[in-house]
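Colleague: Below you'll find the structure I mean.
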Amino acid sequence: MERTVDFGHVRVHIDYRTGRVRCLIPTTATTATTAPTASWGSSEHPAGLTVPSAPWSPAAALALTTVLAIRKAGDPGTSMQRLTAAVRTAAAACTTAATHDQAVAAVQAVRRAAWFSPARTACLEESAAAVLLLAMRRRSVTWCHGVAPDPVRLHAWITTHDGTPAAEPASTLAYTTALTIGVPQ
């Protein structure tokens, strides 16, 4: 699955099978000029600077461990495809929409578990683990992956059924959603 977000001055193409991101700058010539690579990181959260205050949750640690195992298992070139398939499967198992408080608690519990993880844990892993954690309780949220321009950066987060981002800064609204998984109920 591939998605393209066109901001006018840059077109961001995301291949959700491989995780490859290409930024193209339109020109008046017949070929496009390649823009700088997109950032998979984010300066939105002070990750690693302070211990999250959420209580410890073995279920959150299990959800995060599952996400990290999915990313590491198999061909590295298809880790994004495996991860989105797991999120899609988890979302399909849900029967009741999560409340905003439940969604925030899930994100915060995953962030607490991530504090102890030796592996890379950023928005992609956090949001996918939060979906899995809520799915264990049959609660649904929408997983979102988006792009923001200037500089081009990627971000993943979850929203509740009314579209409200869970445990996200207001700057998340600057992202244009490229892919959503889980239909609000």
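The values are calculated or read from the model by the stated rules, or taken from the named source; none is laboratory data. Keep in mind the model is a prediction, meaning the values are calculated, not measured. Every residue, glycine as well, gets a Cβ built from its backbone with ideal geometry; the counts of neighbours run over all protein chains shown.
Colleague: If the Cβ limit is 6 Å and pairs must be 6+ apart or interchain, which residue in the range 105-124 that is farther than 18 Å from R71 by Cα pairs with which residue that is in a helix (DSSP H, G or I) and not charged (D, E, K, R)?
Modeller: These pairs meet every condition: A106/A130; A106/L133; A106/L134; V107/A130; A109/A60.
Colleague: Could you tell me which residue of the range 1-23 is modelled with the lowest pLDDT, considering only residues that are farther than 24 Å from P76 by Cα and surrounded by 12 or more Cβ atoms within 10 Å (Cβ to Cβ)?
Modeller: Checking each candidate, the answer is V10.
Colleague: Next question. Only residues that are within 13 Å of V104 (Cα to Cα) and of a type in the set (S, T, Y): list them for the range 115-140, please.
Modeller: Within the range 115-140, S127, S140 meet the criteria.
Colleague: Could you please let me know if A85 is in contact with a helix residue (DSSP H, G or I) (Cβ under 9 Å, 6 or more places away or on another chain), surrounded by 14 or more Cβ atoms within 10 Å (Cβ to Cβ), on the phi < 0 side of the Ramachandran plot and without any contact (Cβ under 8 Å) to a residue 12 or more places away in the chain?
Modeller: Against the criterion (in contact with a helix residue (DSSP H, G or I) (Cβ under 9 Å, 6 or more places away or on another chain), surrounded by 14 or more Cβ atoms within 10 Å (Cβ to Cβ), on the phi < 0 side of the Ramachandran plot and without any contact (Cβ under 8 Å) to a residue 12 or more places away in the chain), A85 qualifies.
Colleague: Kindly indicate which of A156, A122 is among the hydrophobic types (A, V, I, L, M, F, W, C) and either exposed (fewer than 15 other Cβ atoms within 10 Å of the Cβ) or at pLDDT 95 or above (or both).
Modeller: Exactly one residue qualifies, and that residue is A156.
Colleague: Here's a follow-up. Tell me whether the range 159-179 contains one or more residues that are surrounded by 15 or more Cβ atoms within 10 Å (Cβ to Cβ), without any contact (Cβ under 8 Å) to a residue 60 or more places away in the chain and closer than 15 Å to L83 by Cα.
Modeller: Within the range 159-179, not a single residue is surrounded by 15 or more Cβ atoms within 10 Å (Cβ to Cβ), without any contact (Cβ under 8 Å) to a residue 60 or more places away in the chain and closer than 15 Å to L83 by Cα.
Colleague: Here is a follow-up. Quick one: in the range 159-173, which of the residues that are hydroxyl-bearing (S, T, Y) and in a helix (DSSP H, G or I) is modelled with the highest pLDDT?
Modeller: If we take residues in the range 159-173 being hydroxyl-bearing (S, T, Y) and in a helix (DSSP H, G or I), then T172 is modelled with the highest pLDDT.
Colleague: Being outside any helix (DSSP H, G or I), modelled with pLDDT under 90 and within 17 Å of L133 (Cα to Cα) is the requirement here; does P46 meet it?
Modeller: Numbers: outside any helix (DSSP H, G or I): yes; modelled with pLDDT under 90: yes; within 17 Å of L133 (Cα to Cα): no.
When the stated conditions are applied, P46 does not pass them.
Colleague: Hey, can you tell me all the residues within the range 94-150 that are of a type outside the set (A, V, I, L, M), part of a helix (DSSP H, G or I) and within 11 Å of A166 (Cβ to Cβ)?
Modeller: First, the residues of the range 94-150 that are of a type outside the set (A, V, I, L, M): 94-96, 99-102, 108, 111-112, 115-118, 120-121, 123, 125-127, 137-140, 142-146, 149-150.
Imposing the further condition that a residue be part of a helix (DSSP H, G or I) reduces the set to 100-102, 108, 111-112, 115, 123, 125-127.
Matches in the range 94-150: H100, D101, Q102, Q108, E126, S127.
Colleague: Go through the range 53-79 and give me each residue that's at pLDDT below 95 and under 18 Å from W157 (Cβ atoms).
Modeller: Across the range 53-79, the qualifying residues are A54, R71.
Colleague: Just one of the numbered conditions (1) buried (at least 19 other Cβ atoms within 10 Å of the Cβ); (2) among the hydrophobic types (A, V, I, L, M, F, W, C); (3) in contact (Cβ under 8 Å) with a residue 40 or more places away in the chain is not true of A148; which one?
Modeller: Evaluating A148 over (1) buried (at least 19 other Cβ atoms within 10 Å of the Cβ); (2) among the hydrophobic types (A, V, I, L, M, F, W, C); (3) in contact (Cβ under 8 Å) with a residue 40 or more places away in the chain leaves (3) as the failure.
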